[in-house]
1. If each of residue 370 and residue 482 carries a label point 7 Å out from its Cα toward its Cβ, how far apart are those two points in nm?
2. Can you give the log10 of the normalised intensity I(q)/I(0) at q = 0.21, 0.22 Å⁻¹, computed with Debye over equal Cα scatterers of the range 173-239?
3. Plugging the Kirkwood radius over Cα pairs into Stokes-Einstein for the range 17-112, at a temperature of 20 °C and a viscosity of 1.002 mPa s, what D comes out in µm²/s?
4. Let me know the Rg and Dmax you get for the range 368-490 when you use only its Cα atoms, in Å.
5. Cα atoms only, the range 449-531: Rg and Dmax in Å?
6. Between helix 7-24 and the chain, what is the angle of the helix's C-alpha long axis to the longest principal axis, kept within 0 to 90° and rounded to the nearest 10?
7. Principal axes first, then extents: for the Cα atoms of the range 138-190, list largest minus smallest coordinate on each axis, whole Å, largest first.
8. Would you kindly work out the equivalent ellipsoid of the range 268-386 from its C-alpha gyration tensor and give its semi-axes, the square roots of five times the eigenvalues, largest first in whole Å?
Ligand SMILES: [Zn+2]
């Protein structure tokens, strides 16, 4: 396989090798589902990092399906038994959460006052978020897995191998953090906290441990002083982060999971724990973090800056997929000004699709944005987002129907059944983008006086072309060259003056087509107004 092949296919190829190796050792059969996993921390609402991880994992899943008909599943796992360490800044009614610090998220009331718990709310919002984009996944709640006993067998095994686990984790901790560290986090039966407890003894012969509710290792978490013995089964105890990751990999038999660069060490330790338990860790890829406008990392747990909803105000969500399709091993700036470029890339991918065969389509990034066989938009018109935005800026129009009317002159098919829905998204998005990011930043400039005769002459030629029924964009383009030469002006100088005057930029869309989209009479009127400005 070529190094240059699309990265989702490269990942899928190495996953398939992993799967075949397991099958050759008799550790699975071809009919068992191949399991992908993504993780979600429900202390906050789902955000663009959540979307990115699920979308990229789904790209690989689709690539995998192109290689084999083995069944696949994606488990979206919510860490809702994690204790809450501090009250997030962006939730309502923080005072209702404050008294519950140190408890599992699933034991804290919903600050929004809607669902049965804090994580119940976040989990619901996660599912709604993922459903909105049509992702196919199986949701798993950590609390449900612990309390229903799904993890029991693994927890018992883990308790029996606690020395092995300590041997893996302790050397990675700072010496002063090793004392009293335990992979287990008992839930205090009296006060309900699991960040406040310490483990004081292991009794693997009866699947139990001794605990003290003493404020945790640093003694800083609110605690009640209870102590005693607890079964490690049925949700009385959870395990700490790296061990927790290993526990679910091992219990479910996860085959593929990707993770941010900040979790490389965690993933390595989790893999060692899975092996210590007698399992085989998943394969996966670590991805570079996204950077915000200031070049700071956007972490998966803190949703700052650009949101998926925000992106969708300006462009179809598949243009965000086009952004995410870029090499995950390179850090990317995720900022508002990336939207136009990736929207045009997406449209080009859709247009290319129309002329590609099956082999070619596998190299088309949009292959990975949609399920095979699912409806996908087609784009056969020579209209892109830049053109729409330039029309909006040039004509100063904010009525979608008016802008769509211009596009129809350019290509009547933009509103037909095939293109209409995407055209509407582009027009609405371009108007919003102009309103929010460009109004004020693009300043139209009056042309130098020596250029005005050429501009007036071009206006006359466009008027005449309209009367002659001229629709050929090359012919219209050459009218501008003719007008420049007839007035001893460099064509480049004339084009620059026109773009500065019409759209407030030094460069713009191809001139002939742009004039056609404006409508030749209207374009002529705009040029005359420009020459007099
Ligand atoms: Zn307690």
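1. About 4.2 nm, to one decimal.
2. Taking Cα atoms of the range 173-239 as identical point scatterers yields -0.78, -0.85.
3. Approximately 132 µm²/s, per Stokes-Einstein.
4. 18.1, 59
5. Rg then Dmax for the range 449-531, in Å: 11.2, 31.
6. Compared with the principal axis, the helix lies near 30 degrees.
7. Computed over the range 138-190, the largest-to-smallest principal extents equal 38, 26, 22 Å.
8. Values: eigenvalues 197, 100, 25 Å².
Working through the eigenvalues yields semi-axes of 31, 22, 11 Å.
Only the coordinates and a few stated rules stand behind these numbers; no lab work does. In this text, all values refer to a predicted model and were calculated from it rather than measured experimentally. We place every Cβ from the backbone using ideal geometry, glycine too, and count neighbours over all the protein chains shown.
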